[in-house]
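To start, the structure under review is shown below, and the notes come after it.
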Amino acid sequence: MLYSGENTLCYAIPGKLVAIKGNIGVVDYFGEHRNVLIDTDAKVGEYVYAQGGVLISKVSKEEAEETLALWKEQFFALKKVDQKLSSVKKTGKESANTLAILQKVNVGKQLSKEDMLALLKLDNAAELKLVYDTANNLRQKRNDNACCVHGILEFSNYCKNNCHYCGIRKSSRIKRYRMTPDEIIAAAEHAVKELGFKAIVLQSGEDEWYDDERLARIVREIRAMGVLVFISIGVRSKETYKRLYDAGARAVLLRFETSNRKTFDALRPGTNLDERLELIKYAKKLGYILATGFIVGLPGETDEDLIDNILLTRSLGADMYSFGPLIPAEETPLEKQKPTTKEMLLKTIALTRFADPEAKILVTTAFETLDKDARREGLLAGANSLMLNITPVQFRKLYRIYPGRPDTDKKIEEGIKQTVELLYSLGRAPTDLGI
């Protein structure tokens, strides 16, 4: 049940703009409404595309109605699949305390840190399954079967930092590359026009070769393609972030990595947690859709630190939660450290869903490195967003931020096909999650 247009696979469908309240629009998808930030000239009654909670482009009535006619039957069929997979069944093997905590979730009560720690420490398979199923059920109740799919373009592996866990750290002896602005724009254009992406994430190390003028031109030309532009370029000046917002970037991916200051200082020499948090808050204030989060499994961190990381992400007003496992790279101080377990990531996804029921929670590409079924299991534990690597293959294999990446030699079209088939097998539809 894979819908494809003439040249593209479909992971975004149009909706009808039915109301405008200030700078917020209401988009209708077959009777479901999503609130989105108005970022283009659109009027009530027009058909539009939205991504990541942003109205990014208009579409003609004829084209929209043709697409929606193809989608209508499948849209409701997918909802039935999702409803079935998000049901919750008890086995009778769960403890009274676990059931009591999950009942708080079911009735809409906020869990305490003690509740979250108790769930984090669980190791009984039956109880863990109930935790994941409860998180997935909550995701279905709050967000229905909507799922965002963004394309990530890794345009440079140069970085001025020497973080102890990162494979593209300054002292690494990897082969370096920089895509030219023209190469970046061309790769994005291929992803948009040939592959159908509606959101492009521009990611690099902290590479200051890309000055404000270069970055603004890249953002401006990609935004003109009618897509949401994410930027993930690390700590730059507030002026840079303001200029890129003015150029058309509307979303930012900037993790704080850890809320534990001692851990941050030990593993990120020459960087500053307060500076990073201030920039995250500034980007949110500017109006960016904010994706932020942390690394799961840094050495020395406790269960309490993990809970604090989740709660800090929520307090920053994250529109999307982005966290991935520690996968130490070769030639780094943490090279011998054990990677984070898949189970810890699944627990983190579920606890994040409990902490913020409305959240967009990303299954990162790093998570897929841990296990071939990680994306599926993550989506069934409460997640509802994905990123697909659209970096040209000749550069993709050089972005060695962590070892064992599963997508380095895979054709983009193959990755898209597998992802869309996975989403449809889970009953997820490409309607926007809204804000």
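The values are calculated or read from the model by the stated rules, or taken from the named source; none is laboratory data. As the structure is a computational prediction, the values presented were derived from the model and not from experiment. All Cβ positions, glycine included, derive from the backbone under ideal geometry; neighbour counts span all protein chains shown.
Might you let me know whether region 239-247 holds any residue that is aromatic (Phe, Trp, Tyr) and assigned to a loop (DSSP other than H, G, I, E, B)?
Checked against the condition, which is being aromatic (Phe, Trp, Tyr) and assigned to a loop (DSSP other than H, G, I, E, B), region 239-247 yields no hits at all.
Would you check which residues across region 12-35 are free of Cβ contacts under 8 Å to residues at least 12 places away in the same chain and part of a strand (DSSP E or B) and list them?
LYS21, VAL26
Just one of the numbered conditions (1) within 15 Å of the chain's Cα centre (by Cα); (2) at pLDDT below 95 is not true of LYS372; which one?
If we test LYS372 against (1) within 15 Å of the chain's Cα centre (by Cα); (2) at pLDDT below 95, just (1) comes out false.
Of the residues ILE310, ILE361, ILE349, ILE295, which single one is at pLDDT 95 or above and either within 27 Å of SER171 (Cα to Cα) or touching a Cys at 6+ places or on another chain (Cβ under 7 Å) (or both)?
Sole residue among the options that is at pLDDT 95 or above and either within 27 Å of SER171 (Cα to Cα) or touching a Cys at 6+ places or on another chain (Cβ under 7 Å) (or both): ILE295.
So in region 262-308, with the set limited to residues that are of a type in the set (Asp, Glu) and in a helix (DSSP H, G or I), which one is farthest from the chain's Cα centre (by Cα)?
It comes out as ASP265.
I'd like to know if region 38-51 contains one or more residues that are aromatic (Phe, Trp, Tyr), buried (at least 19 other Cβ atoms within 10 Å of the Cβ), assigned to a helix (DSSP H, G or I) and touching a Leu at 6+ places or on another chain (Cβ under 9 Å).
The answer is no; no qualifying residue exists.
Going through region 388-435 one residue at a time, which ones are acidic (Asp, Glu) and in the same structural domain as GLU368 (by TED's automatic domain parsing)?
Scanning region 388-435 gives ASP407, ASP409, GLU413, GLU414, GLU421.
With the structure loaded, tell me whether ASP115 is among the charged types (D, E, K, R), surrounded by 18 or more Cβ atoms within 10 Å (Cβ to Cβ) and in contact with a Gly (Cβ under 9 Å, 6 or more places away or on another chain) or whether it fails that test.
No, not satisfied.
Could you give me the residue pairs with C-beta distances under 6 Å whose first residue belongs to region 162-188 and is in the same structural domain as GLY270 (by TED's automatic domain parsing), whose second residue is surrounded by fewer than 16 Cβ atoms within 10 Å (Cβ to Cβ) and of a type in the set (Gly, Ala, Ser) wherever it lies, and which are 6+ apart or on separate chains?
Close Cβ pairs (under 6 Å, with a partner that is surrounded by fewer than 16 Cβ atoms within 10 Å (Cβ to Cβ) and of a type in the set (Gly, Ala, Ser)) amount to ASN162/SER171.
Does region 257-274 contain any residue that is under 17 Å from ASP356 (Cβ atoms), modelled with pLDDT of 95 or more and in the same structural domain as SER322 (by TED's automatic domain parsing)?
Yes, there is a match, as at least one residue in region 257-274 is under 17 Å from ASP356 (Cβ atoms), modelled with pLDDT of 95 or more and in the same structural domain as SER322 (by TED's automatic domain parsing).
Return the residue satisfying two criteria in turn: it lies in region 387-416 and is basic (Lys, Arg) and in contact with a Ser or Thr (Cβ under 9 Å, 6 or more places away or on another chain), and of such residues it is modelled with the lowest pLDDT.
The extreme case among them is ARG405.
Considering each residue of region 167-216, count those that are over 30 Å from PRO269 (Cα atoms) and among the basic types (Lys, Arg), and give that number.
Looking only at that region, the number is 2.
Could you list, in sequence order, all residues of region 58-106 that are of a type in the set (S, T, N, Q), in the same structural domain as GLU32 (by TED's automatic domain parsing) and at pLDDT below 90?
Hits for region 58-106 are THR67, GLN74.
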